[in-house]
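Please treat every number below as a calculation from the coordinates, not as lab data. Values in this document were obtained by computation on a predicted structure and should not be read as measured data. Cβ sites come from the backbone with ideal geometry, for glycine too, and all protein chains shown count toward neighbours.
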Number of protein chains: 2
Amino acid sequence: MDDISQLRDVYNAVANPTRRKSLQMLTDVEELPLHEITVYFQMGRTAVSKHLAILKDADFVIAQRVGRETRYRLNATSLKEIQDWVSFYEGFWKVRVAKLNLLLEKK
Amino acid sequence: MDDISQLRDVYNAVANPTRRKSLQMLTDVEELPLHEITVYFQMGRTAVSKHLAILKDADFVIAQRVGRETRYRLNATSLKEIQDWVSFYEGFWKVRVAKLNLLLEKK
DNA sequence: TAAATAAGATACCTTATGGTATTCTATTTA
DNA sequence: TAAATAGAATACCATAAGGTATCTTATTTA
């Protein structure tokens, strides 16, 4: 079985608001242990832990066990994959916005 | 109830390979009817129709009924939302790549 | 060293997701 | 006008996703 096919589903990892918020939180600080991240959500620790596991599998975060806590830090390199995907479509929506502006100017 | 909250889940719409492939297909051609899109997948017409409905709700495609067929065309403006989100993190992964390059040069 | 804390591992539950098959209606085409 | 085609609407099903509660283990701290 190919493990890599299961790991790294970047788009799916980002499709959840809890996970996006977790990433956001990790931009402010160098690293955060699970229990501190959990504080900012209304769900239990197990649920947050699962979300971070998904982010970890998609290579968005790096987990490091220090003492009794597991600290997470951002690894934004995975976002490059999405960045590249989006930029392919960039031309399409930029054309549309340009056309729209032209239309508004005519009025 | 706020309909807009349900509509337009842009990240979720893009989290599925069938839907991403559909978007891809619509970049090549001006518009495509459902049955033509269906040909490129191994699932039934109903399933593809559902996927396009999700893309439509997220404002990624525009559906137009012409005769007995429903034609879809790309509306890439919704991708701007993801583009904006990603670009926030751009700095983070660019720094990492730069650090990595520096590390490789030292060897 | 006893108590508290952090979090992994399970088991479990409910709902969402991605698909099928079937029926129905509207529109072409032979 | 009869037959074929496109697709919407439903009903349905299996699995995945997102959550909980509980138990266990390792690490701090009083």
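List the distances, in nm to one decimal, from the label point of A:LEU102 to the label points of the same position in every other copy, shortest first, placing each label point 7 Å from Cα along the Cα-to-Cβ direction.
Those separations, rounded to one decimal, come out as 4.6 nm.
Can you give the calculated 222 nm mean residue ellipticity of chain A, where each DSSP H run of n ≥ 4 adds -39,500 (n - 2.57) and the sum is split over every residue, rounded to the nearest 500 deg cm²/dmol?
-19500 deg cm²/dmol
When you look at the Cβ of every residue in B:73-83, what mean number of other chain Cβ atoms sits within 10 Å?
That works out to 5 on average.
For Cα pairs less than 8 Å apart in space and 6+ apart in sequence, what is the mean separation divided by the residue count of segment A:9-107, i.e. the relative contact order in percent?
Numbers: 84 pairs, mean separation 27.1, N = 99.
Normalised by residue count, the contact order of segment A:9-107 is 27 percent.
Residue by residue through B:12-22, how many Cβ atoms from other chains fall within 10 Å of the Cβ on average?
Counting Cβ atoms of other protein chains within 10 Å of each residue's Cβ and averaging gives 3.
Under Stokes-Einstein, with the Kirkwood radius over Cα pairs standing in for Rh, what whole-number D in µm²/s applies to chain A at 4 °C and 1.567 mPa s?
Translational diffusion coefficient: 82 µm²/s.
Give me the net charge of A:GLN64's neighbourhood, meaning all other residues with Cβ under 9 Å from the Cβ of A:GLN64; Lys, Arg count +1, Asp, Glu -1. The partial results should precede the final answer.
Numbers: positive: A:ARG65, A:ARG71, A:ARG73; negative: A:GLU31.
In short, +2.
How many Cβ atoms of partner chains, on average, are near each residue of B:84-92 if near means within 10 Å of its Cβ? Walk me through the numbers before you get to the answer.
Numbers: counts 1, 7, 11, 3, 5, 12, 4, 2, 8.
That average works out to 6.
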